[in-house]
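Working notes, structure below.
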Amino acid sequence: MKKIYFGFLTLFIATSTYAQMSPSFTVLERKLHSNRTIYRSVQLDDLESVDSFDGKYFKIVEGKSDEAIKFHDAKPNLILRAASVYHHLTLARNFWIEKMSSLSPINLEKVIIRVEIKNLYDEQGHFAHDNRTPQFNNALSIPAGETPEWVPEDRQHAWNKEIWFRPMKKIESKDLPGLGPNPLTVSLQALEQPFINYTTNRFNQTIMEHIFYPAYSTNSVWGDVIRFAGTIALTKAVIEATKHMDNLFVEKYYYLDTAMVPEVIYHEYAHLILSDYMEMSHSTPVIEGMADYFAAALTAKRKVYAKVKGYSNAAAKDTESKKDYAHWYESNRTSTADFVLSVLWDVRETLGEKVADQVVFEARTFLTTRTATINHHLIQAILDACDLKCERPRRDKLKLYETFSLKGF
Amino acid sequence: MRKKETHMKKNYVLVLLSFCFILNANAFDLNLFANNKESESKSLKNRAFKELRRWQYNLTDSQNLLPRVKSSFSRALITFKSQGAYCDLGFYEIVKHQAMDDGLIVYEYDFDGFVTYLRQENVIDDLLYMNMIASQDLSNEMAKDAHHSHPRIPPFNRYTDDTKDVDLKKMYSNFTAWPNERTGCSVGLYKDLSLSLQWKDKKERDQILKKLNYMAYDNGVLSLETFNKLEVIRQKNAIDWPVHIRNYVGIVTKAKDKLSPSGQPEFDPSTYSTKYADRKAKLTQRARLYRNFDSTQVMMLSDIILKTSKRMDSKNVYLEFQYEEGPDSEIETYVLSPMERYRVSIKMLRKDLGEIMRSDLFRNTAVSYEDLVTAAYETGLLKSDELELILKFEEFWNPKDPKWKAYAGFAFSILGTATFYLPPPWNIVGAIALIVTQTQLNKGQEKPDPDDNWNVVI
């Protein structure tokens, strides 16, 4: 009997010692009440492996590999990324279980997290060929899938839901697609034509005065010609000059290491949780806005995705953005804008943190189509979800109507 | 023998049950009279509390006071319900005598204190409290003046166009003998008499009534006692009381809390109901509702809010354009967004309000949006925390645009034109400054105007 007790004691001590000895890693975190980042040493929870980032719920791999990244990998930056991703995913999972009371994280199978992966996602083959446009500076969550039957048996392959973090790459801002002219140029271009029309008319009038009423003309003809031509030339020159002032509005380079921005990690994990209703293969303003909301709820900071020195100079999204609704926010091109986030954040301020989180989460059950719009479907989904989750639905819906009205809907 | 005893016991139980049933059917629900709507009392003054203390001091037994008071009031309600007419003075008398029988009022002058206690403990609300206090005051005054030996100073110029052709015998036929306050109400009958006359305002009505009363007395239609009593009713403005017991009982039994989700009165007092709707007359929103409308009207007003609520919650709202006549005509359908549906519902609420004011039932009655909200609150359809939100609806059709904004709009229109005529290149600088300033002004918590928003149809 004594031997059995001794055995248990030894096992207990050994387990405790192992738990105490679970390795510490440096991870990147935001400071508590600020967007500034710090490096902190933390112990990673629920690791199953003793030498790699293979845990009970997450496995961090590099690129297309199936092997978890080793603790002693030769690339120190890779270990920092893997540890940060693992750490923040654990925080995100805890948030969904503890604060949102969601069962989805518990039901999820172990999620493969790929860092430094450049391949495009292929619905039929998992990874697109390496030669196809390599991807940088973003992250995505992919749905579970499998190769079609016609694929040869040796290449048959199935995969679960995964999160992919692309490598960072410095790109000149001017090369970014869809950036367009800067706001100053746009403003001046809008005024250009009316102004030139006015100047031309004034010029014609002056010439007529020179011809028919020369006695009333104080200036010489050539003087007026030079003055009006000079005005038009100056206008053109000013507009042209503003085209080279992009630096005033954007930085010269753009780069984003998604694995090193905590909110991006929360955002991608939110996609996994929301994917029971909202498809992950589509990036729409509604789907992205919902994921942004939970990333922001987790960080509890006004601005999310703020700059991280050396890893991201992307513009932050403002939860309290004052933008009013406009049709163009429905376009998928604006799925990275912060409009939907600000709408949902207003819901949070209206209903209170606890209720709003549940309402927004419940709203996903009414947003099953990939064509869901903000103006019709998202607003309706929030109202319908309020019917189910609000403390006093009729009163709270009246508050919501008021809130949406202030947002220009 | 045992069988017979059991049978008799059964009979007793049946008789007891029947008695309880009859008693219950003949009683008003005490909860309906209880205050569950007013968060504060606008009528309890310092004097009332003095009366309350005196009443408590005079009580011989103050054990289990509240249950005893409630029970006494409940019994008074049973007696009151069994009567043919619901009279102000009759109700006051019944409550007083019941309390005296129950040993809750020792001296008659303690009635004030007793009623104050009822109000303080929310057994009754402000409206009933005011009615009972005013009834007592009127009754005392009438008793004092009834046997006054001389009529007051006769009015001058009695025979005017308004009075000379009046058939006094017919007009005062209800007052040949003083009405019994349990079958016919003196105040109510005198109010009916006043309504049969034509007058511009209350002041004119008062002058006509004064002349007619005297003429009726002078011609022997009224006895001196009746004349004196009618003069007290007139001078005490009893016909203009905010709440008369007949209408009060009607609203309380047929409309109050009838639309609450549970169908039962719930304790949900609000500050809105005790807000003054008319400061001069010291009429609260609730008092105004009870004065101007009856139970049917209150239900109809409340129904407008109910309909608006249903419209807001409707699943689909369409705008359909049929270009031509006939079944094959091309049809364009526009689906309203949730917010458009919300705005349409509010705009239709305004339309419904206008329509109800034009209806026969509301003829000559001005209905305000506040009345509508108060009615919905009274029927239990709206809860106190919804009132502020619902009241904001009015801003949709009565926008409170600050004056500075109107001035700013005017200044910008002038400035905009002036800037355009500045010599080049300064005009372009002015235009940019103007755009920037306007953008700044449009920011903030200001609600975007749907009329200026091309993203929405309604």
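The values are calculated or read from the model by the stated rules, or taken from the named source; none is laboratory data. Keep in mind it's a predicted model, so treat the numbers as computed, not measured. Note that we place each Cβ from the backbone using ideal geometry, even for glycine, and neighbour counts take in every protein chain shown. In case anyone asks, the SASA skips ligands and DNA or RNA and just uses the protein heavy atoms, side chains included. Shrake-Rupley method; radii C 1.70, N 1.55, O 1.52, S 1.80 Å.
Tabulated values for the structure
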| read-out | value |
| --- | --- |
| Accessible heavy-atom area order of B:ASP112, B:ASP165, highest first, probe of 1.4 Å | B:ASP165, B:ASP112 |
| Solvent exposure of segment B:244-301 as accessible area per residue, Å², 1.4 Å probe | 46 |
| Cleavage-rule hits, chymotrypsin sites (Phe, Trp or Tyr not before Pro), segment B:121-159, DSSP coil, Cβ neighbours within 10 Å at most 14 | B:PHE156, B:TYR159 |
| Antiparallel bridge percentage (DSSP; both residues within segment A:112-189; nearest 5) | 65 |
| Inverse mean reciprocal Cα-Cα distance (Kirkwood Rh) of the protein assembly as shown, Å | 35.6 |
| Cα-based equivalent ellipsoid of segment B:97-246: semi-axis lengths in Å, sorted from largest, via gyration tensor | 32, 17, 13 |
| Other protein chain Cβ atoms within 10 Å, averaged over every residue that makes up A:317-329 | 2 |
| Per residue accessible area in Å² of segment B:95-215, where ligands, DNA and RNA are left out and the probe is 1.4 Å | 51 |
| Antiparallel DSSP beta bridges within the protein assembly as shown, as percent of all bridges there, nearest 5 | 75 |
| In degrees, nearest ten, helix A:393-406 long axis to first principal axis of chain A (Cα) | 40 |
| Fraction of the pair-distance distribution of segment B:164-251 above 14 Å, Cα-Cα pairs, percent | 64 |
| Degrees between helix A:353-363 axis and first principal axis of chain A (Cα, 0 to 90, nearest 10) | 90 |
| Between helix A:262-274 and chain A: long-axis angle, C-alpha atoms, 0 to 90°, nearest 10 | 70 |
| Derived scalar couplings ³J(HN,Hα) [segment A:100-107; Karplus, 6.51 cos²θ - 1.76 cosθ + 1.60; whole Hz; x for Gly, Pro] | 9, 6, 8, 8, 3, x, 6, 7 |
| The protein assembly as shown - percent of accessible surface contributed by carbon and sulfur, probe 1.4 Å | 55 |
| Inter-centroid distance (Cα atoms) of segment B:172-208 relative to segment B:324-361, Å | 46 |
| Alpha-carbon spread of chain A, three principal axes, descending order, Å | 127, 57, 52 |
| Buried solvent-accessible surface, both chains (A, B), 1.4 Å probe, Å² to nearest 100 | 3300 |
| Whole-Hz ³J(HN,Hα) from phi, Karplus 6.51 cos²θ - 1.76 cosθ + 1.60, for segment A:320-329, glycine and proline x | 10, 4, 8, 5, 8, 5, 9, 4, 5, 5 |
